[in-house]
Amino acid sequence: MSAAATPATAATAAASVPRPGDDCRRPPRVPGAAHQEVTCLEELTTAGTVASGHTDPADWAGLTPKDLPTPRGVPGVQIDGYFPDTSTTNTNHGWRHDAQFVIRLPDRWNGGLVVSGTPGNREQYANDRAIGDWVLSRGYAFAATDKGNTGTSFQSDGRVPGDAVAEWNSRLTQLTRAARAVVAQHYHRPPARTLATGMSNGGYLVRWQLENHPELYDGGVDWEGTLWRGEGPHLLTFLPPALRHYPVYEAGGPGAGAARAAMHAAGYPAGSEFLWPYHHTYYWGLTQRVYREELDPGYAGADADYDYAARPAPVRAAVDRIALTGRIGKPLITVHGTLDVLLPAARSSDVYARMVREAGRGGLHRYFRIEGGTHTDALVDAFPGRLRPLVPCHRSAFTALERWVERGQRPPAGRTVPVPPGADAAALLSGCRL
């Protein structure tokens with residue numbers, strides 16, 4: 001199916017709203033916000049917001065291919081603000097205040113709302129290039145949250161282990177409720193569809209929301225969501241083997257073959273070896289440390305030696321607080337790259353798909369493994385010809401979700417989506433057929 005397919009809402013429900021000047025004289029109020037600033041913009045996509053200062057490119061650096069087109073021609077209203085919070089890791093706008101959000105309301109609205117939490121520990125504009133630009137160009141209102149804490153010290157937020165991650169879930173629920181109310185104020189009718197989507201930690205949030213608050217959403221697209229479950233697998237079970245075995249593999253010598261086999265056994269797929277040096281340098285150690293400090297701050301050993309199964313019961317309890325169950329209540333489509341070596345599919349989305357089936361919700365889920373995809377699309381540029389971008393596959397999944405929730409047209413059964421024979425970089429960036 002083509003990523004360029006047009007949903008029923010975009011085709012039939014586009015409606016003019018009052019001109020920007022009127023919108024800014026009578027701005028909508030964000031329920032529960034401690035502070036908000038409303039601006040009428042000639043361009044809500046990053047084609048305009050970079051220059052106007054209404055996004056932060058540092059938030060989305062490294063998440064998309066360099067040649068990803070930027071749509072333009074989307075005037076409307078942007079609301080920036082924050083909800084009450086006590087932590088101060090987010091410095092956007094000079095506010096030094098967490099629980100920041102952005103809500104964008106295009107002049108020509110298709111009747112829908114898309115909400116998202118950020119990947120990693122990034123701030124509220126992190127989805128602007130990969131998700132926001134595209135959904136805005138198709139007429140959706142778009143809202144995103146920083147999840148309530150940001151940066152590599154996010155784990156310092158909260159009183160007990162797991163608090164910081166648990167806040168991510170409550171902040172997306174809070175934003176969704178507020179954004180639905182803002183849309184109703186602004187367009188004088190509630191959204192016909194509310195869709196959740198996000199990548200990595202943002203994908204985890206989509207899963208959690210559809211399990212715990214399905215009444216707020218019509219469906220979601222999960223882009224390589226993080227898996228948390230008390231018994232594992234999760235980051236604290238498959239990152240320590242990478243930290244332990246990769247240096248032996250890298251050093252060569254008689255132990256290299258066994259170390260490589262140990263990496264494969266831990267979930268890192270054969271054929272992904274060319275990605276291991278980069279992830280060892282930039283991702284594995286940092287990621288293991290910050291989540292271990294969030295969920296098991298009492299551990300004093302080396303992260304390469306960490307053994308989750310041997311840790312005391314309170315550590316399992318902290319993970320259980322944020323765990324997923326698979327009991328989704330609305331349609332969900334998952335996409336995951338086969339060469340993801342930060343969240344290997346075999347230890348994350350493969351497992352979550354099984355959890356959904358075992359929970360009796362398999363009819364609400366479609367799972368597509370994308371051959372040649374990895375965790376961050378910017379690596380497509382770093383390794384030309386060896387990786388494919390996931391952003392077109394996310395868009396194809398999103399249009400499939402639209403048809404599912406609007407027309408009852410169920411997507412095909414999940415599968416591994418092969419790289420099209422002879423496809424060059426431009427072809428892979430222009431579309432993805434699920």
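The values are calculated or read from the model by the stated rules, or taken from the named source; none is laboratory data. Not measured: the values here are computed from a predicted model. Neighbour counts are summed over all protein chains in view; Cβ atoms, including those assigned to glycine, are modelled from backbone coordinates with ideal geometry. Surface areas here come from the heavy atoms of the whole protein model, side chains and all, with no ligands, DNA or RNA. Shrake-Rupley method; radii C 1.70, N 1.55, O 1.52, S 1.80 Å.
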Can you compute the modelled spin-label distance between His35 and Arg327, with each label point 7 Å from Cα toward Cβ, in nm?
4.0 nm
Given H placed 1.01 Å from N in the peptide plane, which residues other than close sequence neighbours of Ile370 have an amide H under 5 Å from its amide H?
His336, Gly337, Thr338, Val417
Write down the percent of antiparallel bridges among all DSSP beta bridges whose residues are both part of the chain, to the nearest 5.
40 percent
For the chain, what does the accessible surface come to per residue with a 1.4 Å probe? Please give it in Å².
36 Å²
How high is the relative contact order of region 153-232, in percent, counting Cα pairs under 8 Å that sit 6 or more residues apart?
25 percent
Highest mean packing first, using Cβ neighbours within 10 angstrom, the peptides 303-315, 327-339 sort as 327-339, 303-315
Round to the nearest 0.05 the FRET efficiency obtained for Asp67 and Ala413 when R0 = 45 Å and r is the Cβ-Cβ distance.
0.90
I need to check one value: relative contact order of the chain, counting alpha carbon pairs closer than 8 Å and at least 6 residues apart, in percent.
16 percent
Roughly speaking, to the nearest percent, how much of the chain's 1.4 Å accessible area is carbon and sulfur?
52 percent
Starting with the highest mean, order 285-291, 119-125 by the number of other Cβ atoms within 10 Å, averaged over the residues of each peptide.
119-125, 285-291
How many nm is it between the label spots at Asp424 and Ala302, if each spot is 7 Å from the Cα in line with the beta carbon?
4.8 nm
With everything on Cα atoms, drop me the angle between helix 163-187 and the longest principal axis of the chain, reported from 0 to 90° to the nearest 10.
20 degrees
Normalised by the residues of region 290-417, what does the relative contact order come to in percent, with Cα pairs under 8 Å and at least six apart?
24 percent
Could you point to the residue in Thr152, Pro241, Trp168 farthest towards the positive end of the chain's charge dipole, with +1 and -1 charges on the Cβ of Lys/Arg and Asp/Glu respectively?
Trp168
